[in-house]
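I have placed the structure first, in the form of structure tokens, so that the comments after it can refer back to it.
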Amino acid sequence: MDPRLTNDLIEFRRDLHRSPELRFQELRTAKLVAERLRTAGLEPRTGQARTGVVATLEGESAHPHVVLRADIDALPTADLKSVDYASTTPGVAHACGHDVHTTVVLGVAETLASRAVRRGRITFVFQPAEEIPFGETSGGREMLETGVLEDVDVVLGLHCWPTLDAGVIGIDREVAMAAKLAFQIKVTGTGAHAATPSDGRDALLAASAIVGSLHQLLGRAVDAGSRAALNVGTFQAGQSQSIVPSAAELTGTIRTIDEHDAKRLRSAVERVVHGLASAAGVIAEVDWKNDMPAVRNDARLVARALAAPAVSDEVSFVALDQPPMTTDDFALYAEQRPGLYVKLGVRDPSGLRPARPLHDGLFDVDERSIPAGVAGLTALIDDLFENGWHGDAQS
């Protein structure tokens, strides 16, 4: 990859990192992406799914038609890094690597657009709002409602992966991301003075008991060897130290690979919540939202990726064996078309900088992952263009 393009993309990523934008607020990000696409000779369509950008690069033939998707939104969390490209927006940070996803897909677009001959067609999708607060819509779902998958054969996506070295691209053989179901629990009690708590029914105390009991469900409601996770991520209650709270609210998620485990966990959550509420003399309501399926890689695309010739000495594809519990609304794309969702290694291979987990305020990447991602995804697309795709009737 041209070193000048590499340096340019790294600077672009840092610019995005300094100015992160939350879901459906990605106006500056979209503007910068659209400008670069125009400079590369494409005609971007802005305002897609509110704040997204879509551009199609035509080739000598209409098929295979590949969609390459990046998510562009940031997280509502503080950036805790001491770097010159740290977030300048208080309480907002690219702690999930979406700035890298955007940059890599843009790099692929610029690389392919610079070629004189292209055999297939590729649509680049820069999707807003992948991070989904309880009860809110998925940016992926809104993007699909625009018809972006019409006449498409294959969908590709990527995610930064802090447990893989920069230069390594991981391929999950089947499940690339887990299924997720979000819950909201509202507890209603009776307020009282802190000096006479027996006059009330403490919603905060009941909700606290619920939190502790929910986290004990793993290994009880589902087998200890199951790939499943449960998390309570928000807890709100009380307005004064001198008042027994009359209301409390918490939200969380369950994540599973197996649909049977999901049903058992959901039933167990309901049972625990209503049982503890009854014992505490309060009322509890459970609401479920944001049901997101697992991201499942197409076996044919997996085989082709793992059999692909080496991209370069700096880039390699490796098979991954343990499905993660993270979730992504790329699952909605892969439900409708054969999909491949790859893990882009972002860890410092030297080990000098310890890897931080996704969604941590200290999360950062080894920027050698950017040219590696561009090269790896370009190679996968070249394989589809050169050798065709016969997995869909449209091809």
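The values are calculated or read from the model by the stated rules, or taken from the named source; none is laboratory data. Keep in mind the model is a prediction, meaning the values are calculated, not measured. A quick note on method: Cβ atoms are made from the backbone with ideal geometry, for glycine too, and the neighbour counts reach across all protein chains shown.
Find the strands (runs of 3 or more DSSP E) located wholly in the range 151-191 whose residues include 1 or more that are in contact with an Asp or Glu (Cβ under 7 Å, 6 or more places away or on another chain) and either under 23 Å from residue 332 (Cβ atoms) or of a type in the set (Lys, Arg) (or both), and list them.
Here the list reads 154-165, 175-177, 179-188.
Could you run through the range 314-348 and say how many residues are among the hydrophobic types (A, V, I, L, M, F, W, C) and either assigned to a strand (DSSP E or B) or not assigned by TED's automatic domain parsing to the domain that holds residue 379 (or both)?
Qualifying residue count for the region: 9.
Those residues that are modelled with pLDDT under 95 and under 16 Å from residue 40 (Cβ atoms), I need them from the range 118-160; list them, please.
Across the range 118-160, the qualifying residue is only 118.
Please enumerate the residues belonging to the range 76-95 that are among the hydrophobic types (A, V, I, L, M, F, W, C) and buried (at least 24 other Cβ atoms within 10 Å of the Cβ).
Answer for the range 76-95, where residues must be among the hydrophobic types (A, V, I, L, M, F, W, C) and buried (at least 24 other Cβ atoms within 10 Å of the Cβ): 93, 95.
Regarding residue 248, is this residue crowded, with 19+ Cβ neighbours inside 10 Å, touching a residue at least 60 places away in the same chain (Cβ under 8 Å) and in the same structural domain as residue 211 (by TED's automatic domain parsing)?
yes
Every residue in the range 320-348 that is of a type in the set (D, E, K, R) and more than 15 Å from residue 299 (Cα to Cα), please.
328, 329, 343, 347, 348
If you take the residues in the range 341-362 that are under 14 Å from the mean Cα position of the chain (by Cα) and aliphatic (A, V, I, L, M), which one is farthest from residue 78 (Cα to Cα)?
Going through the qualifying residues, I end up with 342.
Residues in the range 110-142 that are part of a helix (DSSP H, G or I) and within 16 Å of residue 29 (Cα to Cα): how many?
Qualifying residue count for the region: 1.
Run residue 365 past the list (1) of a type in the set (Val, Ile, Thr); (2) assigned to a helix (DSSP H, G or I); (3) closer than 21 Å to residue 79 by Cβ and report the number of the one that doesn't hold.
The single condition residue 365 does not satisfy is (2).
Residue 376: at positive phi and either hydroxyl-bearing (Ser, Thr, Tyr) or touching a residue at least 24 places away in the same chain (Cβ under 8 Å) (or both), yes or no?
No: the conditions fail for residue 376.
Enumerate the pairs (first residue in the range 26-52 and without any contact (Cβ under 8 Å) to a residue 40 or more places away in the chain; second residue anywhere and in a loop (DSSP other than H, G, I, E, B) and not hydrophobic (A, V, I, L, M, F, W, C)) with beta-carbon separation below 8 Å, excluding pairs fewer than 6 apart on the same chain, so at least 6 apart or on different chains.
27/21; 27/51; 28/19; 28/21; 34/44; 38/44
Hey, does the range 368-378 have a residue that's farther than 25 Å from residue 142 by Cβ and either outside the structural domain of residue 122 (by TED's automatic domain parsing) or in a loop (DSSP other than H, G, I, E, B) (or both)?
Yes: the range 368-378 contains one or more residues that are farther than 25 Å from residue 142 by Cβ and either outside the structural domain of residue 122 (by TED's automatic domain parsing) or in a loop (DSSP other than H, G, I, E, B) (or both).
Of everything in the range 112-163 that's under 16 Å from residue 67 (Cβ atoms) and either of a type in the set (S, T, N, Q) or not assigned by TED's automatic domain parsing to the domain that holds residue 329 (or both), which residue is surrounded by the most Cβ atoms within 10 Å (Cβ to Cβ)?
Only one residue fits best here, namely 127.
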